[in-house]
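The structure appears right after this line, and notes come after that.
The values are calculated or read from the model by the stated rules, or taken from the named source; none is laboratory data. Not measured: the values here are computed from a predicted model. Heads up, the Cβs are rebuilt from the backbone with ideal geometry, glycines too, and the neighbour counts pull from every protein chain shown. We work out accessible area using only protein heavy atoms, side chains counted, and drop any ligands, DNA or RNA first. Shrake-Rupley method; radii C 1.70, N 1.55, O 1.52, S 1.80 Å.
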Amino acid sequence: MAEPQMVMYAEEFHQIQGIVDSLVKSSNASVVFIIDKNGQLIAASGDSEHIDTTSLASLTAGNIAATGGMAKLLREREFTTQFHEGEKANIHIQLVDNRVILVVIFDKKTSLGLVRLRVKKSSESLGEIFQVLATKAQGSGQTPFAEITDDDIDNLFND
Amino acid sequence: MSFINYLSREINCKLVYYGPGLCGKTANLQYIYNKTNPGARGKMISLATETERTLFFDFLPLALGEIRGFKTRFHLYTVPGQVFYDASRKLILKGVDGVVFVADSQIARMEANMESLENLRTNLAEQGYSLDSMPFVIQYNKRDMPGVAPVEELRQMLNPNNAPEFEAVAPTGVGVFDTLKAVAKLVLTELKKAGG
Ligand SMILES: Nc1nc2c(ncn2[C@@H]2O[C@H](COP(=O)(O)OP(=O)(O)OP(=O)(O)O)[C@@H](O)[C@H]2O)c(=O)[nH]1
Ligand SMILES: [Mg+2]
């Protein structure tokens, strides 16, 4: 496989969730979520029930992929930050360690300056956790799928 | 690159539908979307031109069910088939776990099929993948159209390595779920190997 397997364990998940939860509060944002570069949602916090996080995750990943492609053409390193300003909602997108994407959605209750500041701090902590996860994933070489049988797979489709 | 979440006990995999322009990739996802129980799927997102050609990708998240207590989720993507969108195709292939090549069975599209398949190989190779050693199935679509090539001929041109193959008419669903199941099964089997 060209890319390593991404895994998530309880310990790291709780750390990540903690960072995301406190980022919502400290930046006064509406919603914060973290996705991987393929658009899989990793964690979310804030008022995320009213938005379609799955769709947003895949579009954000597409967006990061597209700007990453542009950067390459310009022989730039990745553009790590994006900001889109709307009438009510604003969205701040931060690429963390070239591995995961931190998305903050906020409104007039806060400011871009504060969001930026808090995102920067959170990114550092997140970077460290995802580094640990990457190392763990390489070391394990074990998936829960090792023991599945062909029947298990077939059964998935018999409904 | 599949994503295993031990906490929520979920496994996420990425499937990509590839093939020449107008071969029916988007039609495959639309049929799957329409026939899947709303509880098992998310919204389908289509980033398309005004003439409904795929501009960047279509995206459809599906939940297939559980295996050994793990929820299996598949993210289905289509690429834009038009030749000049190659940069976008490369991006969408990133992290792919399984590929469906949708061929257009019309004789007039034979060259476009071969070109697209070659393009798929090239773009996968750039990422260090090889089509021959990854979950891959091929669908001969548009079997209802006049002027289609016989399947043996398509096989000879496009499927020398005998990947699982299916005849299809995507808008009416012929072969659509068979194709999806086959590639999903190969992906899960691959995960099983990786863990063994
Ligand atoms: N008769 C017939 N028409 C089909 C079939 N599959 C797709 N079509 C039609 O062909 C046209 C193009 O199909 P799409 O699914 O949009 O093609 P695509 O591969 O996504 O094309 P791009 O987005 O440009 O790459 C649509 O009008 C479909 O309804 C088929 O099996 N039979
Ligand atoms: Mg399309």
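Which residue out of B:SER88, B:SER105 is in contact with a Leu (Cβ under 9 Å, 6 or more places away or on another chain) and either open to solvent by 20 Å² or more (accessible area, probe 1.4 Å) or free of Cβ contacts under 8 Å to residues at least 12 places away in the same chain (or both)? Walk me through how you get there before you give the answer.
Details: B:SER105 fails: either open to solvent by 20 Å² or more (accessible area, probe 1.4 Å) or free of Cβ contacts under 8 Å to residues at least 12 places away in the same chain (or both).
So the residue among B:SER88, B:SER105 that is in contact with a Leu (Cβ under 9 Å, 6 or more places away or on another chain) and either open to solvent by 20 Å² or more (accessible area, probe 1.4 Å) or free of Cβ contacts under 8 Å to residues at least 12 places away in the same chain (or both) is B:SER88.
Do the conditions hold for A:ARG116, that is, is it more than 13 Å from chain B (Cβ to nearest Cβ), loosely packed, with under 11 Cβ neighbours inside 10 Å and either over 16 Å from the mean Cα position of the chain (by Cα) or under 29 Å from A:SER30 (Cβ atoms) (or both)? Outline the logic, then answer.
Numbers: more than 13 Å from chain B (Cβ to nearest Cβ): yes; loosely packed, with under 11 Cβ neighbours inside 10 Å: no; either over 16 Å from the mean Cα position of the chain (by Cα) or under 29 Å from A:SER30 (Cβ atoms) (or both): yes.
No, not satisfied.
If you check B:TYR6 against the conditions, is it more than 10 Å from ligand 2 (Cβ to nearest atom), over 13 Å from the mean Cα position of the chain (by Cα) and modelled with pLDDT of 95 or more? So B:TYR6 fails the test.
Examine the range A:75-97 for a residue that is within 13 Å of chain B (Cβ to nearest Cβ) and over 19 Å from B:ARG89 (Cα atoms), and state whether such a residue exists. No, the conditions are met nowhere in the range A:75-97. The residues on offer are A:ILE148, A:ILE105, and the sole one that is within 14 Å of chain B (Cβ to nearest Cβ), of a type in the set (A, V, I, L, M, F, W, C) and surrounded by 13 or more Cβ atoms within 10 Å (Cβ to Cβ) is A:ILE148.
Is at least one residue of the range B:157-165 surrounded by fewer than 16 Cβ atoms within 10 Å (Cβ to Cβ), within 14 Å of chain A (Cβ to nearest Cβ), touching a residue at least 24 places away in the same chain (Cβ under 8 Å) and within 29 Å of A:ALA146 (Cβ to Cβ)? Even if it seems obvious, please write down each step before you answer.
Going residue by residue through the range B:157-165, those that are surrounded by fewer than 16 Cβ atoms within 10 Å (Cβ to Cβ) are B:157, B:160-162.
Checking the rest, the ones that are also within 14 Å of chain A (Cβ to nearest Cβ) come to none.
No, that holds for no residue.
The set of residues from the range B:70-83 being buried (at least 17 other Cβ atoms within 10 Å of the Cβ) and either free of Cβ contacts under 8 Å to residues at least 60 places away in the same chain or more than 13 Å from ligand 1 (Cβ to nearest atom) (or both) comprises B:PHE70, B:THR72, B:ARG73, B:PHE74, B:HIS75, B:PRO80.
Applying the set (1) within 14 Å of chain B (Cβ to nearest Cβ); (2) on the phi > 0 side of the Ramachandran plot to A:ILE51 leaves exactly one unmet item: (2).
Of the strands (runs of 3 or more DSSP E) lying entirely inside the range B:1-69, the ones with 3 or more residues being open to solvent by less than 40 Å² (accessible area, probe 1.4 Å) and within 13 Å of chain A (Cβ to nearest Cβ) are found at B:3-5, B:10-18, B:54-67.
The one condition from (1) at the interface with another protein chain (Cβ under 9 Å from one of its Cβ atoms); (2) open to solvent by 10 Å² or more (accessible area, probe 1.4 Å) that A:GLY62 does not meet is (2).
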